[in-house]
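For reference, the structure discussed in these notes is given below.
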Amino acid sequence: MTLIKSISGIRGTIGGQPGSALTPPDLVKFTAAYATWLRRTQPDATRLKVVAGRDARVSGAMVDHLVCGTLMACGVDVVNIGLATTPTVELAVGWENACGGIILTASHNPGQWNALKLLNRHGEFLNAEEGKLLLQLADSGDFHFVEAGALGIYTSQDNTTDKHVEAVCNYPLVDVEAIYKAGFKVVVDAVNSVGGLAIPRLLRALGVQTVELYCEPTGQFPHNPEPLPEHLTEIAARVVAEGADCGIVVDPDVDRLALVCENGDMFGEEYTLVAVADYVLARRKGNTVSNLSSSRALRDVTELHGGQYFASAVGEVNVVAQMKACGAVIGGEGNGGVIVPDLHYGRDALIGVALFLSQLAHKRMPASALRATYPSYFISKNKVELNPDIDLAALLQKAKQAYSNRRITDIDGVRIDFDVDKQWVHIRSSNTEPIIRIYAEAQTPEAATALAGEIKNFLSK
C-alpha cells in the first residue's frame with residue numbers, strides 16, 4: 001500500500017494500515033490539518049468556506065463523506081459540487097467566494113488510488129512552502145474540532161459544470177461560430193469518469209456531433225486511465241471507423257487532454273499545448289511557459305510568434321508561478337495540460353478542447369495536417385523504481401559533473417540540454433509515484449531512446 005505526500009497533494013491507495021495508505025484516519029488527519037491551515041492563513045475570515053468536488057472513481061463517495069464531515073467538524077462550511085472536473089472545482093472556489101477547495105481525485109492513477117488536491121482561496125494549488133506547513137500540522141496533530149453549535153454548514157450545488165461550459169464558450173478566443181460552421185464530428189473517451197459529464201456537454205454547446213466512448217461516470221476505468229498512446233488503441237480505431245475529425249481523450253479529473261487525428265494517429269499529448277499556444281499567440285502576443293519535462297516544440301512556436309519561452313519546475317503550481325512572473329499569455333505542461341490565465345490559473349481540458357477546435361476550424365485542414373505543421377520532436381519517457389537503496393541526490397550530482405560542459409538546469413532534478421542537437425534529458429523524482437523519471441527528447445524516436453538509454457546506463461554504474 002502507498003501514501004505519497006507531495007506538492008501534488010496527499011495521494012495513496014485505498015485500504016490498509018493507517019499511515020501506510022489513504023485510510024479513513026489519514027483522510028481525517030490531512031483534512032483537519034487543511035482546515036487548520038486555512039484558519040491560520042485567513043484569520044480575518046468570519047466563517048471559512050471550502051468547495052469540494054470529486055471524480056467518479058469507486059472510492060469517491062466514501063472519501064467525500066469523510067472529508068466533508070471532517071471539514072464541518074472543524075467549523076468549516078462546505079459547498080459540495082459533487083461529480084466535477086478538477087478545473088471546475090478551481091473555478092468554483094472563485095464563484096463561491098470560498099476560502100479554499102478540495103478535489104478528491106488521484107488524476108491519472110489507477111482505480112485503487114485516490115487523493116486530496118488542496119486549493120487556496122484563488123482556486124490554485126498550494127505552493128511548496130504552504131504544503132510543508134500543512135504537513136507539519138498533520139504530523140503534529142495540532143488541530144481542533146468544534147462544539148455542536150459551531151459545526152460547519154453543508155450545502156450542495158449541481159450547476160457548476162454548466163457554468164464552466166458557459167465560461168469556456170464565452171471566452172473571447174473561442175470561436176463558437178467557426179466551430180459550428182466546420183461541422184465537426186468527434187469521438188470522446190472519458191474513461192467513465194467526470195469527463196463524460198463535461199466534455200460532451202461542451203461539444204454540444206459548440207455544435208459538434210459527438211460519439212461517446214466510456215462517458216458513463218461509473219468509475220470503472222475500461223483501460224489504464226493515463227492518456228498515453230498505448231492505452232488509446234480503441235478510440236484510434238473508432239475515430240477512423242466513424243469518419244470523425246478527431247478524438248478527444250481526458251484523464252479521470254479532466255486536467256489533461258490528448259488528441260487523436262482523423263487517421264487514427266496520435267496528435268501527441270505534448271502537442272496539445274503547442275497547437276493551442278500557436279492559436280493563442282497568433283491573436284495575442286506574449287510569452288509562454290511549460291515545465292522542464294515538456295517538449296521543445298513550444299519554445300520553437302513561441303519564438304516564431306515573437307514571444308519568449310520560459311521553463312519551470314514540474315508541477316502545476318510551479319508553472320503557474322512562472323507564468324505570473326513572466327506575464328505569460330498561455331502555458332501548461334506537456335502532459336496535455338493547458339493553462340489559460342485570464343480564464344483561470346489551472347490546467348483545463350475544456351478550454352483546451354474549445355481552443356483546439358477553434359484552431360482546427362480556422363486552419364481548415366485535417367488534424368494530421370495541422371500536426372505536421374509543427375516542429376517534430378520525440379520524447380522517450382522512462383521510469384525507474386525508487387527504493388531506499390537509491391541515493392537520488394548523489395545520482396543527480398554525478399550527472400551534473402559528468403555533463404558539466406552542457407547546459408544544466410537544476411531547479412527540479414537535473415535537466416541536461418544538448419542545444420546543438422536540439423536534444424535534452426531530464427532526471428527527477430516523481431511527485432505522484434515512488435519512481436524516478438528519465439525523459440529524453442530528440443528529433444527522432446531512435447535518438448531519444450538512445451539518449452535515455454545512455455543516461456540510464458550511466459546512472460546504473
Among DSSP beta bridges lying fully in the chain, give the percent that are antiparallel, nearest 5. 60 percent
Once fully extended, how much extra length lies between T444 and A128, figured as 0.36 nm per residue of separation less the alpha-carbon to alpha-carbon distance? 110.2 nm
Whether the range 3-158 is rounded, prolate or oblate, judged on the alpha carbon gyration tensor where a/c under 1.5 counts as rounded: rounded
Got a sec? How would E130, E230, E262, E316 order by Cβ neighbour count within 10 Å, fewest to most? E230, E130, E262, E316
What distance in nm separates the two pseudo spin-label positions at A237 and Q401, each 7 Å out from Cα along the beta-carbon direction? 5.2 nm
Here the relative contact order (percent) of the range 163-372, from C-alpha pairs under 8 Å and at least 6 apart, is 20 percent
Roughly how many whole Å is it from the C-alpha centroid of the range 106-151 to that of the range 299-328? 28 Å
Debye-sum result for the range 418-461 in log10 I(q)/I(0), which assumes one identical scatterer on each alpha carbon, at q = 0.18 Å⁻¹: -0.55
Given 176-182, 234-240, the highest-first ranking by average Cβ count within 10 Å works out to 234-240, 176-182
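Stretched out fully, how many nm does the piece from D419 to K163 gain, at 0.36 nm a residue minus the Cα gap?
On the way: separation 256, 0.36 × 256 = 92.16 nm, distance 4.47 nm.
The D419-K163 span can extend by a further 87.7 nm.
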Based on the Cβ-Cβ distance from E147 to A45, what FRET efficiency comes out when R0 is 22 Å, to the nearest 0.05? 0.70
According to the square roots a ≥ b ≥ c of the eigenvalues of the Cα gyration tensor, what is the shape class of the range 370-435, taking rounded for a/c under 1.5, prolate for a/b larger than b/c otherwise, and oblate for the remainder? oblate
Just check the range 4-58 against the gyration tensor rule for me: Cα atoms, a ≥ b ≥ c as the square roots of the eigenvalues, rounded for a/c under 1.5, and otherwise prolate or oblate depending on whether a/b exceeds b/c. prolate
For the chain, treating each Cα as an identical point scatterer without solvent, what Debye log10 I(q)/I(0) comes out at q = 0.07, 0.10, 0.11, 0.14 1/Å? -0.34, -0.72, -0.87, -1.39
Suppose a student asked you for the relative contact order of the chain, using Cα pairs under 8 Å spaced at least 6 residues apart; what percent would you report? 12 percent
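Under the rule of -39500 (n - 2.57) per DSSP H run of 4 or more residues, summed and divided by the residues of the chain, what mean residue ellipticity at 222 nm is obtained, to the nearest 500 deg cm²/dmol?
Taken over the chain, the calculation gives -11500 deg cm²/dmol.
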Relative exposure of H164, H362, H65, judged by other C-beta atoms within 10 Å (fewest first): H65, H362, H164
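All of the numbers you see were taken from the coordinates with simple rules; none came from a lab. Here the structure is a predicted model, which is why all the values come from computation and not from measurement. FYI the Cβ positions are ideal-geometry reconstructions off the backbone, even for glycines, and counts take in every protein chain you see.
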